[in-house]
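Since the structure comes first, as structure tokens, the remarks are kept for the end.
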Amino acid sequence: MLDDNAELRLRTSFNIFIGGSILDRGITIPNLIAFYYGRNPQTTQADTVLQHSRMYGNRPRADVAVTRFYTTAAVYNRMYTINSFETALREAFVDGAHEKGVIFIQTDAAGRVRPCAPNKLMLTDLVALRAGGYYLPTGFRTKTAALAATADKTITRLIGKEPAKGAPIEIDVNVAEGILAALEPTLVINDDAFDWEAMKALLQLYAGKNEQKIDLYVERGRQLDARKSGDKSGVSIIGTRMRDILRNPKRKNPALVLLQQEGTKELNWSGYKFWWPILAAPEQVEPCVFASKVAA
């Protein structure tokens, strides 16, 4: 069944291969440009998934342009986590951060932050965040207009004088946590890659390196279509103007960005305004691999 290059011989112009373990690994198929991946175990092993993921292998750039990968949202979320984890570790080695120690943290029941041995962490509970990276909820729907209005009043009270557009105000970490606590009941998160407790703990971690202070940015009147709100990296969601501000290489403070979306039905939301929180890591920190749970 193999050709002279030890690859499966393609006998026709178009070929479809269907199989489970027989296509698991160890077989090379040339010119493969479409993948349907349905393996969805309860516990994911990163090395096994990476061995399956031949669609990410070295291939001609022209093939990449037409390569397509089809899977479920749950599998995509796990692959996104693996990619974030691998990228953070790779950058840590390249930049020499491994000499200082890549940060592994977890939250305990009291919500505090403490070191955690990497071998006690489960992949499905990991969050990787690089210097200057964003952590935010995506793939959510809003609950009710009443809850959104209540959260808006709470945020207005906690902030006090609202910062000018594009300019930050400095707030204490407990104020930032209060803002997140007000927003949590307003969103129904369908993406298990996001965890409110992880976001709060990351705020604590970064604020602890900055005298418990956080830069707060507020932007109103955002009109992002719900169909374009699934960018887990946050790059397209944060907006070009805010992205340029946060990319400042001299930025040392963690930032909490509050985007008020118009939320109209024309934009495929529920028809009322709501707040969308985004955490931006400082530009000068070691990569952080965070776990909200510890494996038994």
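If we keep just the residues of the range 247-267 that are surrounded by 16 or more Cβ atoms within 10 Å (Cβ to Cβ) and at pLDDT below 90, which is nearest to the chain's Cα centre (by Cα)?
For the range 247-267, the residue satisfying everything is P254.
Pairs please, first residue from the range 70-83 and closer than 16 Å to S233 by Cα, second anywhere and at pLDDT 80 or above and buried (at least 18 other Cβ atoms within 10 Å of the Cβ), Cβ atoms under 6 Å, 6+ apart in sequence or on different chains.
Once the first residue is closer than 16 Å to S233 by Cα and sits in the range 70-83, its partners that are at pLDDT 80 or above and buried (at least 18 other Cβ atoms within 10 Å of the Cβ) give Y80/K232.
E184 fails exactly one of the following numbered conditions: (1) on the phi > 0 side of the Ramachandran plot; (2) without any contact (Cβ under 8 Å) to a residue 40 or more places away in the chain; (3) touching a Phe, Trp or Tyr at 6+ places or on another chain (Cβ under 7 Å). What is the number of that condition?
So the condition that E184 fails would be (1).
Take the residues in the range 118-171 that are touching a Lys or Arg at 6+ places or on another chain (Cβ under 6 Å) and closer than 27 Å to A73 by Cβ, then tell me which one is modelled with the lowest pLDDT.
The residue in question is D125.
Please go through the range 179-211 and pick out each residue that is crowded, with 17+ Cβ neighbours inside 10 Å, closer than 19 Å to A281 by Cα and small (G, A, S).
Across the range 179-211, the qualifying residues are A193, A198, A201, A207.
Got a sec? Which of D225, D231 is surrounded by fewer than 20 Cβ atoms within 10 Å (Cβ to Cβ) and within 18 Å of Y135 (Cα to Cα)?
Details: D225 fails: within 18 Å of Y135 (Cα to Cα).
On inspection, the qualifying residue turns out to be D231.
Search the range 158-175 for residues being in contact with a helix residue (DSSP H, G or I) (Cβ under 9 Å, 6 or more places away or on another chain) and in a helix (DSSP H, G or I), and hand back the single one that is surrounded by the most Cβ atoms within 10 Å (Cβ to Cβ).
Out of the qualifying residues, it is V173.
Write out, first by first residue and then by second, each pair whose Cβ atoms fall under 7 Å of each other, whose residues are 6+ apart or on separate chains, and whose first residue, in the range 157-169, is under 23 Å from R251 (Cα atoms) while the second is assigned to a loop (DSSP other than H, G, I, E, B).
I169/P163
Could you check, for the range 217-228, whether at least one of its residues is more than 26 Å from S84 (Cα to Cα), among the hydroxyl-bearing types (S, T, Y) and out of contact with any Lys or Arg (no Cβ under 6 Å at 6 or more places or on another chain)?
No: zero hits.
For the range 1-108, which fully contained strands (runs of 3 or more DSSP E) count at least 2 residues that are modelled with pLDDT under 80, closer than 30 Å to G208 by Cβ and of a type in the set (S, T, N, Q)?
Correct list: 103-107.
The values are calculated or read from the model by the stated rules, or taken from the named source; none is laboratory data. Please read these numbers as outputs of a predicted model, since none were measured by experiment. Neighbour counts run over all protein chains shown; Cβ positions are idealised from the backbone, glycine included.
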